[in-house]
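Here the structure comes first, spelled out in C-alpha cells, and everything after it is commentary.
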Amino acid sequence: MAVIVQEKDFDLAAELKKLAGFEGTAGAVISFIGLVRGDASLLALELEHYPAMTTKALEEIEQMARTKWGLVDVRIVHRFGRLQLGEQIMMVAVSAPHRRSAFEAMDYIMDFLKSRAPFWKKEHGINNNIWVTANLDDEEALTRW
Amino acid sequence: MTLKILYFAWLRERIGEPSEQVETNASTVSDLIAELRLRDERYDFAFSDLSSVRVAINQTLSDFDATLDGASEVAFFPPMTGG
C-alpha cells in the first residue's frame, strides 16, 4: 500500500512494478491516470494542497477501498504544483483477486478522491485565472457508496 | 486558546495570508467564523457564502457546528477538487 504526494511527474510502468499482486495473489490490475485537459488558452493548471492533511485523507480512502473489496494492493500518486496541458496529474493502481472488485474499487477511490482529497485547482489562462469549482455531481456521486 | 488557522485557494487569496495564529474563546467553528468576520472586510468577504466553504479540524473534515474543544489547527477552504 502506498500513497505518494509529489511535485514531480511519475512513470505508470515503474509504479506498477511496485504494486503487489503479480506474484499470483491478484487476478486483475487496473490503473487510472488523470490528465490536464484543455485547449491552447490554458497556460497552466496549478494544484494547491494541504500537506498535513493530504496523505492522511488519501490513506483513509485507500484503506476504505482495500477493506471493502479485499484488494491485494493499492497505489496512489498525486501531484501538486504547476502543470502544463496534457501532463499527468495523478494515478491510482489497484490489484484485486477479481476484475469486478478491481473496477468497483477504482470507481470508489476516484469518487472520493475528487471530493475528499484536499486539492484545489486553478486554471491559468491567457486572459484570466480561475479556481476550478467543485462539481455538484461529484459530491452526489459519494452517496451511491 | 491559541489556534493555528490555515486558508487555502480563494480563501487564502481573499484573506491575503496562508496561515495565522489566533487567540480565541470561540466554542464552535461557527463562533470562530463570526469572530473572524468582524475583524475586517477581507474576512467578511471570504466568509460571506458559507455554502462554498469547508472546514477541517486537526486535518479532519468537519462542519460548522463542530466544537473547537481539543482543536489546535483549523483549516478553511473551498470544496475540494482532487483527481
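Among the residues of segment A:10-42, write down those that are exposed (fewer than 11 other Cβ atoms within 10 Å of the Cβ) and within 17 Å of A:Leu83 (Cα to Cα).
Matches in segment A:10-42: A:Arg37, A:Asp39, A:Ala40.
Checking the condition outside any helix (DSSP H, G or I) and among the charged types (D, E, K, R), which residue from A:Glu15, A:Glu23, A:Glu59 passes?
Working: A:Glu15 fails: outside any helix (DSSP H, G or I); A:Glu59 fails: outside any helix (DSSP H, G or I).
Among A:Glu15, A:Glu23, A:Glu59, only A:Glu23 is outside any helix (DSSP H, G or I) and among the charged types (D, E, K, R).
Condition test on A:Gly86, is it at positive phi and touching a residue at least 24 places away in the same chain (Cβ under 8 Å)?
On the way: at positive phi: yes; touching a residue at least 24 places away in the same chain (Cβ under 8 Å): yes.
Here the answer is yes, as A:Gly86 does meet what is asked.
Could you run through segment A:89-106 and say how many residues are surrounded by fewer than 15 Cβ atoms within 10 Å (Cβ to Cβ) and either acidic (Asp, Glu) or free of Cβ contacts under 8 Å to residues at least 60 places away in the same chain (or both)?
So the answer is 1.
So A:Leu83 ticks every box in (1) surrounded by 16 or more Cβ atoms within 10 Å (Cβ to Cβ); (2) closer than 26 Å to A:Glu104 by Cβ but one. Which box is left unticked?
(2)
Any idea which of (1) within 14 Å of another protein chain (Cβ to nearest Cβ); (2) more than 12 Å from the chain's Cα centre (by Cα) is the one A:Glu104 doesn't satisfy?
Of the numbered conditions (1) within 14 Å of another protein chain (Cβ to nearest Cβ); (2) more than 12 Å from the chain's Cα centre (by Cα), the odd one out for A:Glu104 is (1).
So for segment A:53-68 (the condition being over 22 Å from B:Gln59 (Cβ atoms) and surrounded by fewer than 16 Cβ atoms within 10 Å (Cβ to Cβ)), does at least one residue qualify?
yes
Can you name the residue in segment B:50-83 that is among the hydrophobic types (A, V, I, L, M, F, W, C) and within 8 Å of another protein chain (Cβ to nearest Cβ) and, of all such residues, is farthest from the chain's Cα centre (by Cα)?
Taking the candidates together, the pick is B:Met80.
In segment A:38-56, what residues are over 16 Å from the mean Cα position of the chain (by Cα) and part of a helix (DSSP H, G or I)?
Across segment A:38-56, the qualifying residue is only A:Ala52.
For A:Val74, which of the numbered conditions (1) surrounded by 13 or more Cβ atoms within 10 Å (Cβ to Cβ); (2) at pLDDT below 95 fails to hold?
Of (1) surrounded by 13 or more Cβ atoms within 10 Å (Cβ to Cβ); (2) at pLDDT below 95, only one is false for A:Val74: (2).
Go through segment B:1-23 and give me each residue that's hydroxyl-bearing (Ser, Thr, Tyr) and surrounded by 16 or more Cβ atoms within 10 Å (Cβ to Cβ).
B:Tyr7
Just checking, how many residues over segment A:107-134 are away from every other protein chain (no Cβ under 11 Å) and either within 21 Å of A:Arg66 (Cβ to Cβ) or among the small types (Gly, Ala, Ser) (or both)?
Counting residues in segment A:107-134 that are away from every other protein chain (no Cβ under 11 Å) and either within 21 Å of A:Arg66 (Cβ to Cβ) or among the small types (Gly, Ala, Ser) (or both) gives 3.
Can you work out which of the residues in segment A:100-125 that are aromatic (Phe, Trp, Tyr) and assigned to a helix (DSSP H, G or I) is farthest from B:Phe77 (Cα to Cα)? Write out each step before concluding.
If we filter segment A:100-125 for residues that are aromatic (Phe, Trp, Tyr), which is where we start, we get A:103, A:108, A:112, A:119-120.
Remaining after also requiring assigned to a helix (DSSP H, G or I): A:103, A:108, A:112.
Numbers: A:Phe103: 31, A:Tyr108: 23, A:Phe112: 17 Å.
Per the criteria, the residue is A:Phe103.
Name the single residue that is nearest to A:Val5 (Cα to Cα) among those in segment A:99-145 being of a type in the set (A, V, I, L, M) and touching an Asp or Glu at 6+ places or on another chain (Cβ under 9 Å).
Our first condition is that a residue be of a type in the set (A, V, I, L, M); within segment A:99-145, this holds for A:102, A:105-106, A:109-110, A:113, A:117, A:126, A:130, A:132, A:134, A:136, A:141-142.
Narrowing further to those that are touching an Asp or Glu at 6+ places or on another chain (Cβ under 9 Å): A:109, A:130, A:132, A:141-142.
Details: A:Ile109: 16, A:Ile130: 23, A:Val132: 20, A:Ala141: 24, A:Leu142: 23 Å.
So, considering only residues that are of a type in the set (A, V, I, L, M) and touching an Asp or Glu at 6+ places or on another chain (Cβ under 9 Å), the one nearest to A:Val5 (Cα to Cα) is A:Ile109.
Among the listed residues A:Ala65, A:Ala117, identify the single one that is in contact with a helix residue (DSSP H, G or I) (Cβ under 8 Å, 6 or more places away or on another chain) and either modelled with pLDDT under 95 or over 19 Å from A:Leu19 (Cα atoms) (or both).
Checking each option against the conditions leaves just A:Ala117.
How about segment B:25-80: which strands (runs of 3 or more DSSP E) wholly inside it have at least 3 residues that are under 24 Å from A:Thr55 (Cβ atoms) and aliphatic (A, V, I, L, M)?
B:54-57
The values are calculated or read from the model by the stated rules, or taken from the named source; none is laboratory data. Given the structure is predicted, the values throughout are model-derived calculations rather than measurements. Counting neighbours? That spans all protein chains shown, and the Cβs are built from the backbone with ideal geometry, glycine included.
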